[in-house]
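All remarks here apply to the structure that follows.
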Amino acid sequence: TAPRNYTISVIPGDGIGTEVMPEGIRVLEKAASLYGFTIEQQWHDFACCDYYAKHGQMMPDDWKARIGSPDAIFFGAVGWPDTVPDHISLWGSLLQFRREYDQYVNLRPARLMPGVPSPLAGRGPGSIDMWIVRENTEGEYSSVGGRMYPGTKREIVIQETVMSRHGVDRVLRYAFDLAQSRDARHLTSATKSNGIAITMPFWDERVEEMAKAYPEVRTDKYHIDILTAQFVMNPDRFDVVVASNLFGDILSDLGPACTGTIGVAPSGNINPDRTGPSLFEPVHGSAPDIAGKGIANPIGQIWSASMMLEHLGEVEAGKAIMRAIETVLADPKLRTADLKGEADTVTCGKAVADALS
Ligand code: NAI
Ligand code: MG
């Protein structure tokens, strides 16, 4: 068999990004040694506000050349609003990666874990376990439109939704493949074809067409309004949920919110065609309010490492990390203060690495 050597870009970013990243790396290294692959780390000091303070921009002009062609990018969090406005820090870094590397899928799990109380009454560990697949490059977030007669009584504003067959099909294919790989083999599509009567019927048509290629996957669809209600009332109904950019944005916050804390949630910005690297990062930001105290929950970063390994094909190692995370979260001595635990960031990270063996 071919040697399993991977190169990853490591970009810790700002605030607690710099504190949780070493724990993500610790667990990755442990997983590599146990499962017989190697990871070469290329650390970068850009895409953070310290870099901005020194250079007046978030990244060097030749950032793409410096990143080269790693197998994936492992990212912490970016943003330090006291010194750099958020739109500059975000647009100058993360959003560049998403666009330049055509990361057209935004993937987030919503899974209720031990030790993490759900805000929904009566839901225990395992009772919520779904993936939200968001289209990440077109749809409602388009730059097609304009404003006429600004500031007058005739003021007109228009912003068009853009859906291409190429763009819709590729995210659907990813979602169906994911559903096919899961035990439940169930895909739900978010629509609103009763109200948005041009683009959403097109979305539905493409879902029906794609479903023909996946006869083993049970497919259904909900209008987005009732779907949000169902996420709260019956989250156990869902397995893989695929949505346009706007609907996916909403669902990918709502789903994880139903499963408790922001400190454990991971995400992937994925280029499934592998024409560029995919990027894995915790959902949370740089948390200036707790940065520097060593108390941030590292699980979101570590779970992102698990997603990254599965993307790289190291599925067993990725699953082992998930089991280790569950073991640690169940123990109040090993989880962090945001989950009413006693551990600091390093103790929690080490515990996950230890639980791996
Ligand atoms: P945030 O996610 O950084 O923090 C929100 C709240 O959750 C804070 O009270 C924080 O202490 C807590 N929290 C977050 N992660 C935690 C963890 N791992 N352990 C324990 N508690 C945790 O969001 P906020 O405050 O809105 O944004 C702060 C900065 O982060 C801003 O500059 C923002 O633009 C940036 N940001 C960056 C993201 C990214 O890099 N993908 C995502 C979200 C925000
Ligand atoms: Mg959002």
I'd like to verify a number: residues in segment 58-80 that are out of contact with any helix residue (DSSP H, G or I) (no Cβ under 8 Å at 6 or more places or on another chain) and surrounded by 14 or more Cβ atoms within 10 Å (Cβ to Cβ), how many?
2
Failed criterion for G260 (all others in (1) within 16 Å of ligand 2 (Cβ to nearest atom); (2) modelled with pLDDT under 95 hold):
(1)
Please work out which residue is farthest from P85 (Cα to Cα), limiting yourself to segment 30-51 and to residues that are touching a Ser or Thr at 6+ places or on another chain (Cβ under 7 Å) and surrounded by 13 or more Cβ atoms within 10 Å (Cβ to Cβ).
L34
Quick one: which of G248, G195, G263 is more than 16 Å from ligand 1 (Cβ to nearest atom) and either farther than 27 Å from G76 by Cβ or within 21 Å of the chain's Cα centre (by Cα) (or both)?
G195
Starting from segment 38-50, keep only residues that are touching a residue at least 12 places away in the same chain (Cβ under 8 Å) and of a type in the set (S, T, Y), then list their pairs with residues that are assigned to a helix (DSSP H, G or I) and surrounded by 15 or more Cβ atoms within 10 Å (Cβ to Cβ) whose Cβ atoms are within a distance under 8 Å, requiring at least 6 positions of separation or different chains.
T38/A32
So which strands (runs of 3 or more DSSP E) are wholly in segment 125-179 and hold at least 1 residues that are surrounded by fewer than 19 Cβ atoms within 10 Å (Cβ to Cβ) and without any contact (Cβ under 8 Å) to a residue 24 or more places away in the chain?
145-148, 156-159
Could you tell me which numbered condition R237 fails, if it satisfies all but one of (1) outside the structural domain of E135 (by TED's automatic domain parsing); (2) more than 16 Å from ligand 1 (Cβ to nearest atom)?
(1)
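For segment 260-284: of the residues being β-branched (V, I, T) and in contact with a Phe, Trp or Tyr (Cβ under 9 Å, 6 or more places away or on another chain), which is nearest to N245 (Cα to Cα)?
I270
Of everything in segment 279-295 that's among the small types (G, A, S) and more than 21 Å from I8 (Cβ to Cβ), which residue is farthest from ligand 2 (Cβ to nearest atom)? Steps first, please.
Step one: list which residues in segment 279-295 are among the small types (G, A, S), which gives 285-287, 291-292, 294.
Keeping just the survivors that are more than 21 Å from I8 (Cβ to Cβ) gives 285, 287, 291-292, 294.
Working: G285: 11, A287: 16, A291: 21, G292: 26, G294: 28 Å.
Per the criteria, the residue is G294.
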The number of residues in segment 263-278 that are within 16 Å of ligand 2 (Cβ to nearest atom), of a type outside the set (S, T, Y) and modelled with pLDDT of 95 or more is 3
In segment 82-105, which residues are surrounded by 15 or more Cβ atoms within 10 Å (Cβ to Cβ) and over 22 Å from the mean Cα position of the chain (by Cα)?
V84
Return yes or no: is D273 away from ligand 1 (no atom under 12 Å from the Cβ) and outside the structural domain of S181 (by TED's automatic domain parsing)?
yes
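Could you run through segment 229-257 and say how many residues are of a type outside the set (D, E, K, R) and more than 14 Å from ligand 2 (Cβ to nearest atom)?
11
Look at L120 and say whether it is within 14 Å of ligand 1 (Cβ to nearest atom), modelled with pLDDT under 95 and surrounded by fewer than 19 Cβ atoms within 10 Å (Cβ to Cβ).
Taking the combined requirement at face value, the residue does not satisfy it.
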Look through segment 281-335, keep the residues that are of a type in the set (D, E) and more than 8 Å from ligand 1 (Cβ to nearest atom), and return whichever of them is farthest from the chain's Cα centre (by Cα).
D331
What do you reckon, is K64 over 28 Å from R274 (Cβ atoms) and among the basic types (K, R)?
no
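The values are calculated or read from the model by the stated rules, or taken from the named source; none is laboratory data. Treat the numbers as computed from the prediction; the structure is a model and nothing was measured. In this analysis, Cβ positions are derived from the backbone assuming ideal geometry, glycine residues included, and neighbour counts consider all displayed protein chains.
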